[in-house]
Ligand code: SF4
């Protein structure tokens, strides 16, 4: 058996071939085995794109290793292709010499045609740079599952388990987790459980006995930090973060949401947790989702709305109302390719300026961005903290890559999570004594420190008040058209948000020897690619610093000082340079960009190349 | 209950300190008065009462009530109020809206609040015009209406708000008008007492941009012959001497007849509690605008669990089955493994 330090496997097949499930199972057994891992599912936007076409290909990539890793891997070492379309869609991404496991049963003339192959790629030499293993997966699966009594048409559906079994053998994965899962998942469907188990075993045995594979490999467990782990996707982590925030703030959670890819899973997950007092409301549209959440916030709940870009467009007016009403609200935007419907299932970071500025009037609000799937949990809690403490809407910018990607996540001890209930209080009594001695409640009399206004929820006797989207007078909060007051209120709202800078951590600079001249500044989901690239560049002897932002507005108070202290600043982003624009305008620093908007996460190699070219420029400048 | 308990509050307690700023003579004043007079009678509590509105003349209403209130954004009041009512079933939430607010920009939200049967008392001030933006035609304006935005006459076919609400299977649907305080108060009282979404259309005169739109039916002289009062369990009958009545024809349409011709027994007996909204719908089609005899009163009042209560039931059920939420357990609910 040969030992590898890491391997990248991609399962690809038709949407109906069960590749996501195969990938998921491979992930779980690898996680339990103790590898570090990162996954990247990639599915078509159409639920049922024509079978056998390139448009209908669904894929799942997993990177496993014996050391800590940050990305799902740039180029797969192994491709499982269940049909010609899957081969066609993915062969271009493979590393030279990669292994391709083909389901040879699917390579008939019709399927080749549907995939758009003029000639059979197995025969025309186009695969000569790869190790191609042709395995009649359909036939072998049908044969293997016979004892289960499954009908042929259903039996064929187990071929993803055959493929999983084969790949599991290749990389010496433990089999128990898969059998346990099958037993649980199909507890009430003996026949399907049996068929899948048989198919899995057949795949495994095929690897062991067919003698077409030189050997199996092993990827040893990684030295992860001690602790209890679970495999978590960004969307699940966000949902759990919201549940946690409600518990930590001792407030009921209200989610107002409308289904949209790739955010719907947050709605699905939160809908399960009604025993935490979580109310989920699938609204008639995006606008109703956010307005309902705001109504709930007015009533004293932790109001949350989840969406993706097109929905954020629609919610803009209500977010403006939340800014004016100064009520807590968490708005989660799982960014996807835009504009318009764009690329619903693909990732992008192009909503940053929209989140910061996409409302009429002077309407600033805090924006936070998670950097990894697991970080989504903590970012949701941080968003809730800022919203509750400063009575403001907060936008969380996740994206399609974080949403569906997964990684092993050290489960935190609940006792170490911040007690949000101490960050805010609700008004219980009048807060102003008038000249005549009468006690009244002024809804816009601010806390001098945070500039937050009191949160007086209906049901509180004596604090009845009316608020709305019209400008309000500073203090009493009555409708006011006074120019001086409006100018003041605009500034107060801006100051309140800007002041949050003193309530968030300074940026941490990762610059081990403090000698780097190049700073790589990233935000959000590019964390993995940038960290991996920085590590690789350092291993080759170069000096480079890395700063990764979570707080996009306001920025940490030392960010200007930090970016100004480097000769060059490189900002890799999956957009055309939105953070770079902010850095330039805020700090007058001539930051450079690495910008790719292909609907895919940045690759480590992309960042490495960009770093190399920046270092080269530094050298030439220095001459 | 007929016990006379002195109300704990008076009208004055329900009026805020804000100066009311509708145009002098606007029908909104009489609606405000009716509500302020009614609240003490209902025994309602100010701190548990919330008025939510959208945008438009009518939507200034919450500012004038000494309760909790939110003047939100155009068309969205039913959505915001839904969140509030679901999060806080202990409150009584009113929605104040207008024909443009509720039926044009916010049409979607109104329909969905009604079909879900959210526990809201929704009062729609219908003046058949956009007042706040100074006089454009609205979704209830009559076809051919000449306004600033329709100098050659509107081409739009108008909505009948009562028909619309019944089409959405609203559980409580009523109509009243701003010239009859007693009728308004009675209708609002019924709406308030209804559990679920209660929808009341109020014909309201905008004396600046659409003066007299309802005169043909609501002026004192015209009322007896032009308003068709709906009373549960009673034959539908009107006219100064009750000489007119309503029957259902062979197609199920409500038609006006002379009682002397068909006989009293042939008249339609109003049944607001009938499950099937078709009868109420037929009645709503009796008049296509305020120019011919128009039914007022409660068209429909049926029982159906309200949305907020159903949500509460699900929460209680989940808690009973799974126990109260345990965060540490949730974080360990997937496959876990330990690294030593
Ligand atoms: S414009 Fe019409 S509806 Fe508006 S306040 Fe004036 S009279 Fe009333």
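The values are calculated or read from the model by the stated rules, or taken from the named source; none is laboratory data. Worth saying up front: this structure is predicted, and the values here are computed from it rather than measured. Positions of Cβ are backbone-derived with ideal geometry, glycine not excepted, and every protein chain shown enters the neighbour counts.
Within segment B:301-340, track down each residue that is in contact with a helix residue (DSSP H, G or I) (Cβ under 6 Å, 6 or more places away or on another chain), facing another protein chain (nearest Cβ under 7 Å) and more than 16 Å from residue A:252 (Cα to Cα).
Scanning segment B:301-340 gives B:322, B:328, B:335, B:337.
Kindly indicate which of B:132, B:124 is modelled with pLDDT of 95 or more and at negative phi.
Numbers: B:132 fails: modelled with pLDDT of 95 or more.
None of the others qualify; the one that does is B:124.
Which count do you get for residues in segment B:138-152 that are within 14 Å of the ligand (Cβ to nearest atom) and either outside any loop (DSSP other than H, G, I, E, B) or farther than 30 Å from residue B:84 by Cβ (or both)?
3
Out of segment B:11-24, which residues are away from the ligand (no atom under 16 Å from the Cβ) and either touching a strand residue (DSSP E or B) at 6+ places or on another chain (Cβ under 7 Å) or at pLDDT 95 or above (or both)?
Listed by number, the residues that qualify are B:11, B:12, B:13, B:14, B:15, B:16.
Out of the residues in segment A:224-264 that are assigned to a loop (DSSP other than H, G, I, E, B) and more than 8 Å from chain B (Cβ to nearest Cβ), state the one that is surrounded by the most Cβ atoms within 10 Å (Cβ to Cβ).
Narrowing segment A:224-264 to residues assigned to a loop (DSSP other than H, G, I, E, B): A:224-226, A:250-252, A:258-263.
Adding the requirement that they be more than 8 Å from chain B (Cβ to nearest Cβ) leaves A:250-251, A:258-263.
Numbers: A:250: 11, A:251: 24, A:258: 23, A:259: 15, A:260: 21, A:261: 19, A:262: 25, A:263: 28.
The extreme case among them is A:263.
For segment B:92-105: of the residues being away from the ligand (no atom under 16 Å from the Cβ) and more than 9 Å from every other protein chain (Cβ to nearest Cβ), which is surrounded by the most Cβ atoms within 10 Å (Cβ to Cβ)? Lay out the reasoning, then the answer.
Initially, segment B:92-105 is screened for residues away from the ligand (no atom under 16 Å from the Cβ), giving B:92-95, B:105.
Remaining after also requiring more than 9 Å from every other protein chain (Cβ to nearest Cβ): B:92, B:94-95, B:105.
On the way: B:92: 20, B:94: 26, B:95: 35, B:105: 17.
Per the stated criteria, the residue is B:95.
Inside segment B:172-195, can you point out the residues that are in contact with a helix residue (DSSP H, G or I) (Cβ under 8 Å, 6 or more places away or on another chain) and crowded, with 23+ Cβ neighbours inside 10 Å?
Within segment B:172-195, B:172, B:173, B:174, B:175, B:176, B:177, B:178, B:184, B:188 qualify.
Only one of (1) under 17 Å from the mean Cα position of the chain (by Cα); (2) farther than 24 Å from residue B:135 by Cα; (3) more than 7 Å from every other protein chain (Cβ to nearest Cβ) is not met by residue B:79, so which one is it?
(3)
I'd like to verify a number: residues in segment A:381-427 that are touching a strand residue (DSSP E or B) at 6+ places or on another chain (Cβ under 7 Å) and either in a loop (DSSP other than H, G, I, E, B) or within 13 Å of another protein chain (Cβ to nearest Cβ) (or both), how many?
7
From A:451, A:463, A:445, grab the single residue that is surrounded by 12 or more Cβ atoms within 10 Å (Cβ to Cβ) and either assigned by TED's automatic domain parsing to the domain that holds residue A:243 or touching a residue at least 60 places away in the same chain (Cβ under 8 Å) (or both).
A:451
Would you point out the residue of segment B:106-133, among those that are assigned to a loop (DSSP other than H, G, I, E, B) and farther than 16 Å from residue B:205 by Cβ, that is farthest from the ligand (Cβ to nearest atom)?
Per the stated criteria, the residue is B:117.
Among the residues of segment B:37-53 satisfying the criterion of being within 14 Å of another protein chain (Cβ to nearest Cβ) and closer than 21 Å to residue B:187 by Cβ, which is nearest to the ligand (Cβ to nearest atom)? First the steps, then the outcome.
Here is the first cut: in segment B:37-53, the ones within 14 Å of another protein chain (Cβ to nearest Cβ) are B:39, B:44-53.
Narrowing the set further to residues that are closer than 21 Å to residue B:187 by Cβ leaves B:39, B:44, B:49-53.
On the way: B:39: 22, B:44: 26, B:49: 23, B:50: 23, B:51: 17, B:52: 19, B:53: 13 Å.
Going through the qualifying residues, I end up with B:53.
So, in segment A:113-126, how many residues would count as being farther than 15 Å from residue A:83 by Cα and within 36 Å of the chain's Cα centre (by Cα)?
1
Could you list, in sequence order, all residues of segment B:65-91 that are within 16 Å of the ligand (Cβ to nearest atom) and surrounded by fewer than 24 Cβ atoms within 10 Å (Cβ to Cβ)?
Scanning segment B:65-91 gives a single hit, B:74.
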